[in-house]
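The values are calculated or read from the model by the stated rules, or taken from the named source; none is laboratory data. Predicted, not measured: the structure shown is a model, and the values here were computed from it. Neighbour counts are summed over all protein chains in view; Cβ atoms, including those assigned to glycine, are modelled from backbone coordinates with ideal geometry.
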Amino acid sequence: MRKIFFNKGLLKSLVIVLVVSIFSVGFFNSNASAECYQYSSTGTMITSATPVFNNFCNVPYNINNESNFVRIRQNVSGNDMNNVTNPPYISNSLSSTCAVGSTYDIWNYLHNNASPNFNPDHNPSDPSAVAHNVQENLSATFGKGTHFTFSDIVSASNANTVQASATLNCGNNNVEVNLVPASVHIYSLPYGWLNLPDSTINGGQTKVGSPIAGSGDMWGCWNYRMVIVYQIVVTAIPPTPTVTPVCKLITLESQGQVAKLEGLDYSLGSATLNSVTVDFGNGSSSIVNLSPSQVTNLQASPYVYTYKQAGNYQVKATINTSMGDYTSTQCLASVNISTPPTTPTTPTTPTTPTTPTPPSKLVNTGPGDVIGIFMAFVLAGIFVGYRLFNRKTSVK
């Protein structure tokens, strides 16, 4: 008995041919494929029974690969819904001089590749081709710059999420790009062109649908494709107004002979800071320059100046900037330095004079002293004579 071996690829091809013969529109697969479906003008195309977004390749009418579904073109008619006189859309990026006043159209394309045989009108019991809760999140880079990006993210509760973007490159031309008001529109064959609010761009998710606009349900097939377009305009960047620096406040503290710089408040405007000069009002020796880093750390290490003489001094701060020097009356402060204290001189203790001890007998060198001496001699002579007289008497 001969064994027959089947090539898996060949077997798949045979199945495809069989299904194509049954369904005139194309082959369907219950599992959505991530591979690119090839467009065929004969209508025998590989599709799916469930929603798949933007998965066809080589689609005619300037669509080509649906995966590049965000595109850009320069608008020449002034109408972003005009596809007759405006040039075709370009995928990925467009380089332009971005002249002031020029406008560009941003195109966002959406196709549910599922087979129409599973739409409600063909298969009402199980309309598996319908994508539910379909939403688009359109974002755009507006404002100033040289290149601008425009993106779209499409999602659904039962389909794959796809995203794409396109870029406008303005070279070295720095311009401003903004949305043209009331230029956001959506198109699908069942309802034609409809207006969308400006908040559709950069406003988060927008629910879309076809054949019913905004329903969130999108049927499969070419007839239910949708396009959202909006227009942007290039404007000149207004010159940046020049804002002059302002010196707002100087904060001082003084005690005794010392003035302490505690704070500076200023705004630089359009300038950059070089340094801050503080004149403590005591001649050139009291003028100090503080670097930006010193000013920033002023609270951590305040600048202290010591005056040598008492008095009332005017302290002035000046900010030195790339636009010049600036001060104000708010950056003037008075500081009153008290009289420097003098060290008192310790008085010399006076020597206490010694009081002489008076003699027990006054010294007398006058006549009284002579008389006393004479009387002493007389008394002594009497005493000696008396002793001699007594001796003679006792001998007899």
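Structure notes:
- Answer residue from the range 155-194, given it is in contact with a helix residue (DSSP H, G or I) (Cβ under 8 Å, 6 or more places away or on another chain) and in a strand (DSSP E or B) and is surrounded by the most Cβ atoms within 10 Å (Cβ to Cβ) among those: SER188
- Hits in the range 39-57 (condition: outside any loop (DSSP other than H, G, I, E, B), out of contact with any Cys (no Cβ under 6 Å at 6 or more places or on another chain) and over 19 Å from MET226 (Cβ atoms)): MET45, ILE46
- The range 241-267: number of residues that are part of a loop (DSSP other than H, G, I, E, B) and either in contact with a strand residue (DSSP E or B) (Cβ under 6 Å, 6 or more places away or on another chain) or acidic (Asp, Glu) (or both): 2
- Taking the numbered list (1) more than 30 Å from CYS98 (Cα to Cα); (2) part of a strand (DSSP E or B) in turn, VAL233 passes all entries but (1).
- Residues of the range 211-232 that turn out to be of a type in the set (Gly, Ala, Ser) and either outside the structural domain of PRO124 (by TED's automatic domain parsing) or at negative phi (or both), as a count: 3
- Test: residue in the range 304-311 that is basic (Lys, Arg), in contact (Cβ under 8 Å) with a residue 24 or more places away in the chain and not in a strand (DSSP E or B): yes
- Residues (free of Cβ contacts under 8 Å to residues at least 24 places away in the same chain and under 27 Å from PHE53 (Cα atoms)) located in the range 65-88: ASN82, ASN83, VAL84, ASN86, PRO87
- Considering THR321, THR296, the condition of being of a type in the set (Ser, Thr, Tyr), farther than 27 Å from SER338 by Cα and modelled with pLDDT under 90 is satisfied by THR296 alone.
- Cβ separations smaller than 6 Å between residues 6+ apart or across chains give the following pairs from the range 199-222 residues that are over 16 Å from ILE153 (Cα atoms) to residues that are among the hydrophobic types (A, V, I, L, M, F, W, C): SER210/MET218; SER210/MET226; ALA213/LEU194; ASP217/VAL130; TRP219/VAL130; GLY220/ALA114; GLY220/ALA129.
- With respect to the conditions (1) surrounded by 14 or more Cβ atoms within 10 Å (Cβ to Cβ); (2) over 30 Å from LYS316 (Cβ atoms), PRO238 falls short on a single one, namely (1).
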